[in-house]
Amino acid sequence: MAIIEVDRLSKDYTYYEKETGLRHSLRNLFYRKQLIRHAVRDVSFEVEEGEIVGFLGPNGAGKTTTLKLLSGILHPTSGTARVMGFTPWERKKEYKMNFSIVMGQKSQLWWDLPANESLALNKSIYELSDRAFQATLDELAELLDVRDLLSVQVRRLSLGERMKIELIASLIHRPKIMFLDEPTIGLDLISQKNIRQFIKTYSKQTKTTILLTSHYMADIENLCKRSVVINHGSIVFDGELSKMNRLVGDRKRLRLQFGVPVDEVTLSRYGRVVESGEGQALLEVEKQEVKTVLQAVLDVLPIVDFNVEELSIEDGLSEIYKKERDALEVGGQIS
Amino acid sequence: MYLLREMLKHMRIYGLFVKNCLIAQMEYRMNFVISIAQECVFTFAKLLYVILIYQVGVDINGLSPDHVLLFIGTYMIMTGFYVLFFMDNFYQLSQHIQSGLLDVMMTKPVSLQFMVTLRRINFSFPIPNFIVGTSMVVMAWRRLGLESGPQEIGLFLLLIVCGIVLMYALFLLPMLLSFYIIKTQSLIEITDKFWDFNNMPMGIYSRWIQRIGTFLLPIFVITNFPVLAMMDELDTLASIWVFAVPIVMLLVTRKVWRFCLSKYSSASS
Amino acid sequence: MRLKSAGKYLKSYGLGVQNAMAYRTDFWLGLVSGVFPLMIQLFIWNAVYTAAPGSEVYGYTHDQMIAYTIMAIVVGRLISTGFEYEIAGDIKNGGLNKFIVQPISYFWYRMMCFYGTKSIQLAAFTLLLLALLLGFSWQSTLSLSDDRIVWFGISLLFALILNGMIFYLLSLLAFWMTEVWAVFIGFNLLTNIMSGGVFPLDIFGPAVNRVLQWLPFPYTIYFPVNIWSGKISEAEIGTGLVIQAIWTVVAALVASSCWRYGIKKYVAVGG
């Protein structure tokens with residue numbers, strides 16, 4: 001049985017139209033136009049125990065809202081979710097004892113105190129025995145290499161160091177499920193890598209189920225076998241990231257270099273022009289046509305050099321987003 | 001059994017709050033000293049009323065200056081408890097909502113209201129209030145020749161405790177508007193000024209204000225009733241009310257808290 | 001301030017006006033929260049005058065005391081500053097840099113901004129007052145003569161300028177102290193008490209009063225309000241106005257030399 005089951009979950013919220021200017025603000029005193037935003041709509045998925053699932057999507061797509069729904073911070077407008085057999089927004093104590101959420105920019109640590117004290121507080125909150133607490137703390141501190149930082153005032157720590165402590169604080173009760181919302185946001189590359197490495201090792205050792213959102217493709221590519229792509233509140237892709245490009249059609253890109261500049265109109269006869277100029281161009285073509293197109297351009301155009309490339313996952317993603325936007329413009333709504 | 005265990009757990013956590021706040025405030029000793037100095041000025045402002053009453057030297061509405069001293073002293077002690085236990089928490093409520101700390105705390109297996117509204121204890125502000133307030137009460141008590149057996153003092157302290165509970169419930173209530181408005185500065189100022197009605201015994205106000213302050217917005221119960229009890233001037237109704245109203249208010253505040261929170265959970269994103 | 005550069009200070013004044021418009025709810029809420037202490041004090045005085053055998057307390061008749069209580073709270077509001085927090089912020093966060101670079105005097109920028117804010121509040125208050133005078137014929141109960149109102153207006157303007165100067169001077173403390181917030185709050189209340197903003201200074205007794213008269217504070221609230229209440233004789237008004245002016249100049253001189261030391265330190269540290 002899946003540890004997380006989400007069925008047609010939706011979350012709407014209302015907000016008011018804001019117009020600038022004195023006249024509008026006066027009018028707003030009496031009448032405000034109410035608008036509805038579908039932050040999450042009809043989202044369904046399941047997660048098995050021990051899985052790491054990444055949530056991808058542009059800003060405001062509904063990733064964080066989904067995590068907040070699953071942590072019980074928000075109530076959905078409709079739909080159901082069962083996590084470890086609990087309905088999250090009932091906020092049962094037994095549920096809270098067994099999961100944790102880390103929100104990248106929201107700290108649960110006491111700013112003016114050494115990290116130790118915040119951890120000790122969590123020990124009481126999660127009703128841990130001295131021995132269990134000490135064992136987990138030792139293990140995590142070892143893994144994250146922060147043994148000497150525990151007695152330093154939190155406000156003196158760097159962002160990366162603070163995130164490590166934040167992770168310890170939220171893993172100290174050994175949750176079965178962990179929600180990570182942008183755990184690497186704002187960190188430098190090395191810190192990002194360290195955090196990533198830790199999450200990888202930890203999940204392998206403990207079989208903790210992890211749901212993760214991130215802006216950084218590297219986080220998702222590295223950690224998650226499976227990703228869920230959300231856009232405008234709906235799931236547009238759910239599966240192995242490497243297979244995502246099939247969704248936008250199996251395509252390849254030809255990078256061409258010319259001896260003499262070639263104009264775009266000529267190029268567009270052979271495929272979709274992604275970029276062109278300065279005596280070079282990038283063409284996108286169907287996989288099965290690569291050979292024929294290549295032969296044709298080699299015959300006709302003044303090619304100096306060429307290269308066949310795979311679509312990167314970012315390219316695939318922006319294709320998905322674009323496709324949807326087009327559909328939205330044409331059909332007015334996405335399915 | 002479950003309830004008892006939960007209560008012990010929350011008490012243990014409260015102990016950690018106390019410890020953490022103490023460490024944090026000792027970290028910035030200069031701030032601590034300046035805060036005490038600042039609160040001394042506020043205490044002095046409250047003392048002005050005492051100076052005035054003794055300078056004029058007449059009984060007002062049947063209360064001698066010594067009686068007034070007892071009322072103002074109690075008011076000062078209660079102010080001390082307010083700034084000790086509640087003030088920082090109530091002021092920071094809107095900040096917690098905005099920064100998302102509320103979200104984080106919502107996922108903890110502890111009472112959320114407890115976590116959010118009792119997390120901070122301020123040790124510097126209460127010091128002048130307690131010192132000056134207690135001296136005033138002791139002085140007035142002596143000069144009025146009130147009984148000072150364990151029974152009287154016990155009752156007085158019990159009523160103080162009731163006052164603290166009532167104060168929590170009553171002053172948390174307006175701050176729950178933090179869920180709806182962003183700038184709470186004016187709100188804080190108005191509630192603070194409202195509290196100052198206790199700077200004088202309720203006896204000097206008109207009948208209507210007395211009724212409102214006893215039954216509708218029961219601030220007079222907090223500082224006036226303990227003193228009235230010592231002066232043997234609480235009738236039966238008031239004697240019941242003084243114990244009932246903290247419980248009633250606590251239930252009301254709890255209800256409103258729940259309402260605001262469910263509103264928050266379904267209206268935000 | 002040369003004539004040519006007057007334009008930018010006029011602009012600062014305009015900024016202050018805009019600010020007052022933007023935060024008008026704060027101003028009115030502030031007046032509302034002033035109603036509570038007013039009520040408390042009115043009840044106290046009513047009780048005192050009922051109990052006191054004579055008709056005068058500290059030389060005030062009942063009506064004079066009521067007038068004092070109301071006007072002290074209003075004047076206290078009208079002259080209050082609030083820019084000290086912004087100045088301290090500028091000093092702490094490096095906001096001063098742009099003023100060091102640009103050919104604009106920080107002092108005049110702040111002051112003109114302050115006067116801009118206050119002119120709107122004064123205008124609102126004057127309208128309110130006119131309405132009250134016409135509606136309730138207050139004037140007759142206080143037997144307030146027309147030239148007293150004029151003198152009150154002048155002394156209020158002087159008080160405004162003096163108080164602005166005092167708090168400008170205070171705000172410069174931020175050059176030397178990191179945690180000035182608490183100091184500002186404490187000083188605000190303390191000077192309000194010493195200015196007679198809570199009770200007339202007479203309650204402190206003659207000895208304390210004699211000391212207080214040597215400080216600038218009584219000239220910000222106690223003096224203008226007592227012109228209104230009629231406790232100050234016509235002859236004393238002139239002297240009071242001169243003392244207000246002298247204190248303003250003294251505060252300005254001290255402030256300008258403090259500024260010079262402070263800015264040296266600021267530049268040396270590198271903002």
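The values are calculated or read from the model by the stated rules, or taken from the named source; none is laboratory data. In this text, all values refer to a predicted model and were calculated from it rather than measured experimentally. Note that we place each Cβ from the backbone using ideal geometry, even for glycine, and neighbour counts take in every protein chain shown. For the accessible areas, the whole protein counts, side chains as well, though only heavy atoms, and no ligand, DNA or RNA atoms are used. Shrake-Rupley method; radii C 1.70, N 1.55, O 1.52, S 1.80 Å.
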- Query: Size of region C:5-109 along its principal axes in angstrom, Cα-based, largest extent first?
  - Reply: 66, 26, 26
- Contact order relative to length of region C:174-271, as percent, for alpha carbon pairs under 8 angstrom and 6 or more apart: 27 percent
- Kirkwood Rh over alpha-carbon pairs of region B:1-142 plugged into Stokes-Einstein at 4 °C, 1.567 mPa s gives a D in µm²/s of 74 µm²/s
- Task: Determine the relative contact order of chain A: mean sequence separation of Cα pairs under 8 Å and six or more apart, normalised by residue count, in whole percent.
- Result: 18 percent
- So which residues of region A:88-104 lose at least 40 Å² of accessible area, probe 1.4 Å, when you go from the chain by itself to every protein chain present? A:ARG91, A:LYS93, A:LYS96
- Item | Selection from C:VAL75, C:PHE204, C:VAL57 lying farthest towards where the dipole of the protein assembly as shown points positive, charges on Cβ | C:VAL75
- Per residue, how much accessible area does chain B show when a 1.4 Å probe rolls over the protein heavy atoms, in square angstrom? 44 Å²
- Task: Roll a 1.4 Å probe over the protein chains and send me the accessible area per residue for region A:133-270 in Å².
- Result: 45 Å²
- Message: Can you compute the equivalent ellipsoid semi-axes for region B:110-269, i.e. the square root of 5 times each eigenvalue of the Cα gyration tensor, sorted largest first and rounded to whole Å?
- Response: 32, 18, 16
- Rounded to the nearest whole Å³, what is the per residue volume of the convex hull around the Cα atoms of chain A? 217 Å³
- Kindly provide the chymotrypsin sites (Phe, Trp or Tyr not before Pro) of region B:139-208 that DSSP labels as loop, not H, G, I, E or B, and whose Cβ sees at most 14 other Cβ atoms within 10 Å. B:TYR180
- Query: Along the charge dipole of region B:2-263, which of B:LEU146, B:GLY57, B:LEU173 sits closest to the positive end, that is, farthest toward it, with unit charges on the beta carbon of Lys, Arg, Asp and Glu (+1, +1, -1, -1)?
  - Reply: B:LEU173
- On protein heavy atoms with a 1.4 Å probe, the accessible surface that disappears when B meets C, both sides summed and given to 100 Å², is 2900 Å²
- Query: In vacuo Debye scattering of region B:2-263, one point per C-alpha: log10 I(q)/I(0) at q = 0.11, 0.16, 0.17 Å⁻¹?
  - Reply: -0.66, -1.35, -1.47
- Task: Report which residues of region B:92-124 become buried by 40 Å² or more of accessible surface when going from the isolated chain to the complete set of protein chains (1.4 Å probe; DNA, RNA and ligands ignored).
- Result: B:ASP103, B:VAL104, B:MET106, B:THR107, B:LYS108, B:PRO109, B:ARG119
- How many nm is it between the label spots at A:LYS33 and B:ASP192, if each spot is 7 Å from the Cα in line with the beta carbon? 4.1 nm
- Note on the structure: At the level of C-alpha centres, the distance separating region C:38-66 and region B:71-94, in angstrom, is 31 Å
- With +1 on each Lys and Arg Cβ and -1 on each Asp and Glu Cβ, how big is the dipole of the protein assembly as shown about its Cα centre, in debye rounded to the nearest 20? 220 debye
- Query: Which value, to two decimals, describes the C-alpha radius of gyration of region B:192-269 once divided by 2.2 N^0.38 Å?
  - Reply: 1.40
- Item | Accessible surface of A:ASP219 - all protein chains present, 1.4 Å probe, nearest 10 Å² | 0 Å²
- Query: What is the Cα convex hull volume of chain C when expressed per residue in Å³?
  - Reply: 148 Å³
- Message: Just to verify a number: what accessible area does B:THR191 come out at with the full protein assembly present, 1.4 Å probe, Å² rounded to tens?
- Response: 20 Å²
- Across all directions of projection, what mean area in square nanometres is found for the Cα convex hull of region A:154-204? 3.7 nm²
- Message: Please compute the modelled spin-label separation between C:LEU15 and A:SER242, points set 7 Å along Cα→Cβ, answer in nm with one decimal.
- Response: 6.0 nm
- Could you rank B:LEU69, B:LEU251 by how accessible they are, 1.4 Å probe, largest area first? B:LEU251, B:LEU69
- Query: So how many Å³ per residue does the convex hull of the Cα atoms of region A:150-307 work out to?
  - Reply: 180 Å³
- Are there chymotrypsin sites (Phe, Trp or Tyr not before Pro) in region C:100-202 that DSSP marks as loop and that have at most 13 other Cβ atoms within 10 Å, and which are they? C:TRP176
- Item | Accessible-area ranking of B:LYS255, B:LYS193, B:LYS46, C:LYS8, largest first, probe 1.4 Å | B:LYS255, C:LYS8, B:LYS193, B:LYS46
- Query: Based only on the alpha carbon positions, what is the Kirkwood hydrodynamic radius of region B:110-190, in angstrom?
  - Reply: 16.0 Å
- Could you grab the relative contact order for region B:2-263? Cα pairs under 8 Å, six or more apart, rounded to a whole percent. 25 percent
- Interface A/B, total buried accessible area with a 1.4 Å probe, nearest 100 Å²? 3000 Å²
- Query: What 222 nm value per residue comes from the helices of chain B, counting each DSSP H run with n ≥ 4 as -39,500 (n - 2.57) and dividing by all residues, nearest 500 deg cm²/dmol?
  - Reply: -25000 deg cm²/dmol
- Task: With a probe of 1.4 Å, find how much accessible area region C:3-265 has per residue, and write the answer as a whole number in Å².
- Result: 47 Å²
- Message: With a 1.4 Å probe and all protein chains kept in place, how much accessible area does C:LEU156 have, in Å² rounded to the nearest 10?
- Response: 10 Å²
- Solvent-free Debye scattering, log10 I(q)/I(0), computed from the Cα coordinates of the protein assembly as shown at q = 0.05, 0.07, 0.10 Å⁻¹: -0.41, -0.76, -1.26
- Place a +1 charge on the Cβ of each Lys and Arg in chain A and a -1 charge on the Cβ of each Asp and Glu, then give the dipole magnitude about the Cα centre in debye, rounded to the nearest 20. 1180 debye
- Using the Kirkwood formula on alpha carbons, the hydrodynamic radius of region C:192-271 in angstrom works out to 14.6 Å
- Query: Any idea how far apart A:MET217 and A:GLN205 come out in nm if each label point goes 7 Å out from Cα toward Cβ?
  - Reply: 3.2 nm
- Note on the structure: Set A:LYS204/A:LYS322; A:LYS63/C:LYS92; A:LYS225/B:LYS108; B:LYS183/B:LYS263; A:LYS33/A:LYS106, cut-off 27 Å on Cα-Cα distance; pairs above it are A:LYS204/A:LYS322; A:LYS63/C:LYS92; A:LYS225/B:LYS108; A:LYS33/A:LYS106
- Once region B:152-228 is represented by equal point scatterers at the alpha-carbon sites, with solvent omitted, what log10 I(q)/I(0) does the Debye formula produce at q = 0.15, 0.16, 0.18, 0.22 Å⁻¹? -0.58, -0.65, -0.79, -1.04
- Message: Could you put C:VAL17, A:VAL83 in order of accessible surface area, largest first, with the 1.4 Å probe and the full protein assembly present?
- Response: C:VAL17, A:VAL83
- Item | Solvent-accessible area, 1.4 Å probe, carbon plus sulfur percent, for the protein assembly as shown | 61 percent
- Direction-averaged shadow area of the convex hull around the Cα atoms of region C:118-236, nm²? 9.1 nm²
